[in-house]
1. Mind listing just one residue for me: the one in the range 156-211 that is more than 12 Å from the ligand (Cβ to nearest atom) and hydrophobic (A, V, I, L, M, F, W, C) and, of those, farthest from Pro145 (Cα to Cα)?
2. What are the residue pairs meeting all of these: first residue in the range 134-146, first residue within 14 Å of Ala163 (Cβ to Cβ) and within 10 Å of the ligand (Cβ to nearest atom), second residue aromatic (Phe, Trp, Tyr) and modelled with pLDDT of 95 or more, Cβ atoms under 8 Å, and 6 or more apart or on different chains?
3. Val72 fails exactly one of the following numbered conditions: (1) under 29 Å from Pro187 (Cβ atoms); (2) assigned to a loop (DSSP other than H, G, I, E, B). What is the number of that condition?
4. May I ask you to list pairs of residues, at least six apart or on different chains, whose Cβ atoms are under 6 Å apart, with the first in the range 163-190 being of a type in the set (Gly, Ala, Ser) and the second being in a helix (DSSP H, G or I) and within 15 Å of the ligand (Cβ to nearest atom)?
5. Pick from Thr86, Thr19: which is among the hydroxyl-bearing types (Ser, Thr, Tyr) and either out of contact with any strand residue (DSSP E or B) (no Cβ under 9 Å at 6 or more places or on another chain) or touching a residue at least 60 places away in the same chain (Cβ under 8 Å) (or both)?
6. Can you name the condition, by its number, that Ala179 falls short on among (1) among the small types (Gly, Ala, Ser); (2) in contact with a strand residue (DSSP E or B) (Cβ under 9 Å, 6 or more places away or on another chain); (3) more than 30 Å from Asp152 (Cβ to Cβ)?
7. I need every pair where a residue in the range 32-56 that is among the small types (Gly, Ala, Ser) has its Cβ under 6 Å from the Cβ of a residue that is part of a helix (DSSP H, G or I) and away from the ligand (no atom under 16 Å from the Cβ), sequence separation at least 6 or different chains.
Amino acid sequence: HAETHIENFSFSYEGPFGTFDQNQLQRGLQIYTEICAACHGMEYVAYRTLAEEGGPGLPEDQMRAYAQQFEVFDESLADGQGDYRTATPADYFPESSLSNAPDLSLMGKARAGFHGPYGTGLNQLFNGMGGGEYIASLLVGYEEPPECAPEDFEGYYNTAFDAGGYPASCIDEDGHHMAPGSWIAMPQPLYGEDIVFNDGHSNELHEEAKDVAAFIMWASEPHMAARKQAGFAGVIGLSVLAVLLYLTNKRLWAPHK
Ligand code: HEM
């Protein structure tokens with residue numbers, strides 16, 4: 001395994017009480033739509049989720065208008081021959097249009113920024129598996145290729161990506177990689193100032209990378225906030241139960257002391 005550079009971005013959704021930042025998800029949706037969707041699909045995410053609580057929270061009419069930009073193939077139309085129609089909120093985002101670009105629906109869960117458990121494992125408890133850190137680091141991880149590489153080596157050098165090609169001329173006698181990362185098939189998609197946001201938020205490369213990474217994390221777990229709330233209620237409930245059981249136990253055994 002090659003060494004990679006993963007930056008520890010700080011996201012609002014981290015920690016036991018973390019929630020997604022609605023404005024950030026709306027910016028992320030805009031970046032995904034205008035840039036990433038040229039190659040990547042998100043076939044497990046339905047348009048209606050864009051209006052759900054805990055997500056980008058688009059107003060109902062905006063969510064409908066978003067869906068209506070797309071066409072879907074409906075097998076029930078034209079006497080079972082199938083035909084295209086305008087998408088509705090119940091339909092799903094398209095699949096990837098570029099065959100070697102992976103679908104982004106579950107990418108947030110499929111990748112990890114921190115491989116663990118390190119030490120006590122507390123980093124993962126508080127910061128998660130780092131899918132967002134990985135994706136944001138990948139997007140800011142494009143650099144000039146190291147000098148050891150042949151100029152015509154295939155792909156784009158990226159310091160966060162470790163699953164790509166690696167030139168033999170960059171491996172030393174001990175088998176160590178002389179430069180972090182590897183060569184990825186995705187050309188650098190973001191450079192900074194790619195998008196102008198309605199909310200006036202910064203469009204520096206780091207900010208854009210963070211926004212779209214948060215959006216991809218939301219897509220892979222749209223009901224995260226509800227899960228955390230239920231978990232918290234569960235912990236509180238069990239704590240109360242533990243206190244009551246302790247007191248009951250004391251009282252039951254009191255006469256026998
Ligand atoms: C791979 C995100 C834009 C083509 C990936 C991966 C992510 C990603 C997370 C998976 C990396 C991994 O396997 O660990 C994004 C985002 C984009 C974007 C957030 C927009 C900001 C694009 C565009 C293209 C593209 C515009 C096409 C020109 C690819 C390809 C791969 C890939 C071909 C596979 C790379 C490989 O396995 O070597 N992308 N992408 N992506 N993306 Fe993108």
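The values are calculated or read from the model by the stated rules, or taken from the named source; none is laboratory data. Only a predicted model underlies this, so the values are computations on that prediction, with no experimental measurement involved. Note that each Cβ is placed from the backbone with ideal geometry, even for glycine, and that neighbours are counted across all protein chains shown.
1. Phe197
2. Taking only residues 6 or more apart or on different chains, the pairs are Leu138/Phe161.
3. Going through the list (1) under 29 Å from Pro187 (Cβ atoms); (2) assigned to a loop (DSSP other than H, G, I, E, B), Val72 breaks only (2).
4. none
5. On the way: Thr86 fails: either out of contact with any strand residue (DSSP E or B) (no Cβ under 9 Å at 6 or more places or on another chain) or touching a residue at least 60 places away in the same chain (Cβ under 8 Å) (or both).
On inspection, the qualifying residue turns out to be Thr19.
6. (3)
7. Ala51/Glu60; Ala51/Met63; Gly54/Ala225; Gly55/Thr49
Every residue, every condition in (1) surrounded by 17 or more Cβ atoms within 10 Å (Cβ to Cβ); (2) in contact with a Phe, Trp or Tyr (Cβ under 9 Å, 6 or more places away or on another chain), yes or no:
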{"residue": "Gly130", "(1), (2)": "yes, yes"}
{"residue": "Ile135", "(1), (2)": "yes, no"}
{"residue": "Asp152", "(1), (2)": "no, no"}
{"residue": "Thr159", "(1), (2)": "yes, yes"}
{"residue": "Gly164", "(1), (2)": "yes, yes"}
{"residue": "Ile184", "(1), (2)": "yes, yes"}
